[in-house]
1. Treating the angle as unsigned and between 0 and 90°, give the value, to the nearest 10°, between the Cα long axis of helix 390-402 and the longest Cα principal axis of the chain.
2. Expressed as cubic angstrom per residue, what is the convex hull volume of the alpha carbon set of the chain?
3. By average Cβ neighbour count within 10 Å, what is the ranking of 48-59, 376-387, 325-336 from highest down?
4. Once you order the gyration tensor axes a ≥ b ≥ c over the Cα atoms, which shape class does segment 331-374 get: rounded for a/c under 1.5, otherwise prolate or oblate by comparing a/b with b/c?
5. Sort the following peptides by mean Cβ neighbour count (other Cβ atoms within 10 Å, averaged over residues), highest first: 159-172, 341-354, 34-47.
6. Please report the antiparallel percentage of DSSP beta bridges with both residues in segment 321-438, rounded to the nearest 5.
7. As a test, work out the antiparallel percent of DSSP beta bridges whose residues both lie in segment 98-167, rounded to the nearest 5.
8. Rounded, prolate or oblate, given the Cα gyration tensor of segment 350-434, with a/c below 1.5 counting as rounded?
Ligand code: EPZ
């Protein structure tokens with residue numbers, strides 16, 4: 001039996017930890033308010049960026065999700081000290097000596113690759129395990145490596161590791177990303193912050209999480225022009241760690257979108273709070289096209305029931321386009337629309353793992369290449385279904401809310417990676433949802 005320690009170093013059996021499922025009553029209506037947590041996809045690069053800092057940092061609004069804890073474990077493995085308490089992190093990387101991110105941690109979370117840029121920039125050498133395969137696609141890191149090579153790094157792939165060296169430090173360069181990559185952009189923005197001279201980055205990702213990383217680095221004294229645009233100019237400070245200031249992680253627009261879809265699929269009136277509505281315009285626009293009412297204030301969004309849920313066509317793309325991380329949730333919603341919807345997944349070649357599980361609940365979805373045809377007006381039945389990846393699993397929960405009977409969603413460790421206290425938040429909204437052990 002594999003021994004497993006939880007984050008308080010308490011020994012628990014593998015079986016006990018992994019074998020929970022969610023039991024969800026169907027035919028639910030939701031109501032009330034739900035507060036949205038900090039963004040996982042902002043907290044991860046920002047924690048990696050702490051490797052560039054010459055001082056201890058306090059970070060607030062850090063989501064209590066497994067991926068954050070995995071990255072903290074990786075940073076501690078490198079020699080950092082950290083403390084996590086109620087969405088607040090104190091991280092100190094001044095004592096970091098090692099520049100090796102080992103397979104045992106990286107295999108749990110691909111985003112560990114975000115330590116590559118900062119470690120190489122700080123130490124001039126590092127070893128980072130290659131992130132293995134992923135349920136949603138091949139997800140290569142060639143664009144990360146090519147960009148570092150443009151900055152003078154020597155990259156060798158050996159025994160499943162990226163061995164990178166930059167004698168005399170990384171050099172500023174002009175880099176055009178062949179494809180928009182979120183973590184690729186973040187890795188090179190961090191590397192450029194400690195490089196010699198000026199780096200020009202073209203075709204950079206514009207996601208709000210990338211913007212927050214730039215703003216935190218700018219606040220720490222890094223000169224960055226073009227924040228929020230596809231082209232950045234970064235002036236590095238080779239040999240001088242940066243003076244990172246305390247900050248608050250932005251709200252999680254994908255968690256927020258998931259709750260709005262829960263309100264939509266149950267045709268309920270409910271409000272999400274602690275959000276930035278402008279980060280979610282492509283999501284709320286689609287909901288309005290489907291006939292739902294959307295009311296926003298500075299930091300809340302209220303969804304109002306639709307007289308009739310209308311079908312919609314969706315094509316995933318980079319920000320500010322429709323996020324691929326919301327594709328599965330909208331697919332579940334489209335099964336309740338009055339007509340046929342077409343969903344094109346343009347970013348990941350294998351991001352329809354949820355379809356076969358949704359079909360077990362009685363949906364009628366046909367796949368052809370990167371396109372899914374979703375029939376609406378479907379009465380869903382409860383079933384035992386399996387979570388396959390983070391966002392796919394949230395779609396199964398939404399479907400369970402409108403199914404007849406009690407649905408069991410298994411392998412929910414996928415959910416825990418990116419949703420904080422999901423069953424607690426849905427219970428507050430009136431759902432009958434419980435976490436039970438297998
Ligand atoms: C980030 O992944 C997010 N993860 C993903 O969220 C999100 O789905 C994705 O961006 C797209 O929005 C984090 O921020 C931690 P990409 P990332 O590099 O950076 C190809 C979630 O559910 N590509 O922007 O890994 C790649 O295969 C997760 O929270 C290359 O070809 O995605 C894909 O087709 C899932 N070579 C496309 O680019 C590279 O070197 C976009 O991927 C890098 C990427």
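Bear in mind these aren't lab numbers, they're just calculated from the coordinates by the rules spelled out. No experiment lies behind these values; they were computed from the predicted model shown. Note that we place each Cβ from the backbone using ideal geometry, even for glycine, and neighbour counts take in every protein chain shown.
1. Long axis of 390-402 versus the principal axis of the chain: about 20 degrees.
2. Numbers: hull volume 56.6 nm³, N = 438.
With only Cα atoms used, the chain gives 129 Å³ per residue.
3. 325-336, 48-59, 376-387
4. Values: a/c = 2.12, a/b = 1.35, b/c = 1.57.
Oblate.
5. Values: 159-172: 17.4, 341-354: 19.6, 34-47: 24.9.
Most protected by this proxy first, the peptides run 34-47, 341-354, 159-172.
6. Values: 8 of 12 bridges.
Within segment 321-438, antiparallel bridges account for around 65 percent of the total.
7. Values: 11 of 13 bridges.
Within segment 98-167, antiparallel bridges account for around 85 percent of the total.
8. oblate
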